[in-house]
Amino acid sequence: MPFGLTPELIALSFQIVKSYNKRSGKVLIDSSLNPLDIAKQLYHYPVPVLAHNSFLQNDPVFTYCNIAAQKVFGYQWDEFIGLQSKLSAPTELQQQRKDFIDQQRTVGFSEAYEGIRVNKQGQLFQIKDTSLWTVDAEGQPIGQAALLSKVIHDFKQ
């Protein structure tokens, strides 16, 4: 893997998976596996998965992105982590994105979200059937994660 599998990253990967499985009632990855194996499987999961620290700061930054998310958004791991998550949406749609994320914070899990996103090169793409959920650590919310089930590069606005 191109990044160091620190204990913090292993724990975050486990929390993302465990929270998804609990909140959705579905299994993203078997959360009974060893946390290291979960971290590796999530990083190589074929569908984009990302997370930001929305419960820890007002202007959240990305704290996690798997290989599929890096490919879709065009950022390497080191560029993605720490990037303000609002920059994943075009400027004119950032408030709409924030409103949905804020609303989801009280619900804990949403699916079938769709919106427009922008990659590093400024190219727009559409996401559909996206799940967004609250990520917990020891019962405390620490952020939100998203599973981008459908990414459409050639779309008409």
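Just so you know, all these numbers are worked out from the coordinates, no wet-lab data involved. All values derive from a computational prediction rather than experimental measurement. Backbone-built Cβ (ideal geometry, glycine too); neighbour counts: all protein chains shown.
Brief remarks on what is shown
- Spin-label model, E92/K120: points 7 Å from Cα along the beta carbon direction are separated by 2.6 nm.
- Remark: the F55-N34 segment gains 4.9 nm on full extension, using 0.36 nm per residue and subtracting the alpha carbon distance.
- Cα gyration tensor shape for the stretch 81-157, rounded if a/c is under 1.5, else prolate or oblate: prolate
- Relative contact order %, the chain, counting alpha carbon pairs below 8 Å whose residues are six or more apart: 21 percent
- Gaussian network model of the chain, springs between alpha carbon atoms under 10 Å - residue of F73, F14, F100 with greatest fluctuation: F100
- For the chain, built as a Gaussian network whose Cα springs stay under 10 Å, the top-fluctuating residue of S110, S85, S32: S32
- Considering only E114, E79, E92, the mean-square fluctuation computed in a Gaussian network model of the chain, springs between alpha carbons under 10 angstrom, is largest for E92.
- Cross-link pairs K18/K120; K26/K150; K26/K86; K98/K120; K22/K71; K22/K98 - those with Cα-Cα distance over 21 Å: K18/K120; K26/K86; K22/K71; K22/K98
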